[in-house]
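Q: Dumping the structure here so I can ask a few things about it.
The values are calculated or read from the model by the stated rules, or taken from the named source; none is laboratory data. Please read all numbers here as calculations on a predicted model, not as lab measurements. Using ideal geometry, Cβ is built from the backbone for each residue, glycine included, and neighbour counts are taken over all protein chains shown.
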Amino acid sequence: MAGLVRINNEAIARIASIAVKEVPGVVGVSSGFRIGRFSIWGGVRVDANETEIKIRVPIAVEYGVHLPRVAVEVQERVREAVSRMTDINVIEVDVSVQEIKEASLRGGVR
């Protein structure tokens, strides 16, 4: 079948954002916007072309979690989800821990 299939950077950022939120200990990511050729969704920054993707993810985590372990799991989950859903090579996933949230007395995070 003839034709072109394009995957918008915002769609890639959304995939990554959902994958990040599945990691235990991650509270979330910051709000999103667009800067030039970079797409940012939910704090996730994507730089992509037809053959490879670079992703930057600022995260907020729960107090007490092991930061390196959480960051590595974020990298793995984002890389796997984006690669599986797009068939584009994810060459880099940079994770930046931006916030530490403390658990409230009722068991939630604030």
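Q: Just checking, does region 23-35 include any residue being at pLDDT below 95, of a type in the set (F, W, Y), out of contact with any Phe, Trp or Tyr (no Cβ under 8 Å at 6 or more places or on another chain) and not in a loop (DSSP other than H, G, I, E, B)?
A: No - not one qualifying residue is present in region 23-35.
Q: Out of all the residues in region 39-73, which are under 13 Å from V20 (Cβ atoms) and either small (G, A, S) or exposed (fewer than 14 other Cβ atoms within 10 Å of the Cβ) (or both)?
A: Answer for region 39-73, where residues must be under 13 Å from V20 (Cβ atoms) and either small (G, A, S) or exposed (fewer than 14 other Cβ atoms within 10 Å of the Cβ) (or both): G42, G43, A60, A71.
Q: Right, another one. For region 74-110, what are the residues that are modelled with pLDDT of 95 or more, out of contact with any strand residue (DSSP E or B) (no Cβ under 6 Å at 6 or more places or on another chain) and surrounded by fewer than 18 Cβ atoms within 10 Å (Cβ to Cβ)?
A: Within region 74-110, E76, E80, R84, M85 meet the criteria.
Q: In region 58-101, which residues are within 18 Å of N8 (Cβ to Cβ) and in a strand (DSSP E or B)?
A: N89, V90 - these are the residues of region 58-101 that are within 18 Å of N8 (Cβ to Cβ) and in a strand (DSSP E or B).
Q: Over 11 Å from the mean Cα position of the chain (by Cα) and either surrounded by fewer than 16 Cβ atoms within 10 Å (Cβ to Cβ) or at pLDDT below 90 (or both): does that describe G3?
A: yes
Q: Of the residues R79, R56, R84, which is among the basic types (K, R) and more than 16 Å from V44 (Cα to Cα)?
A: Just one listed residue meets the conditions, R84.
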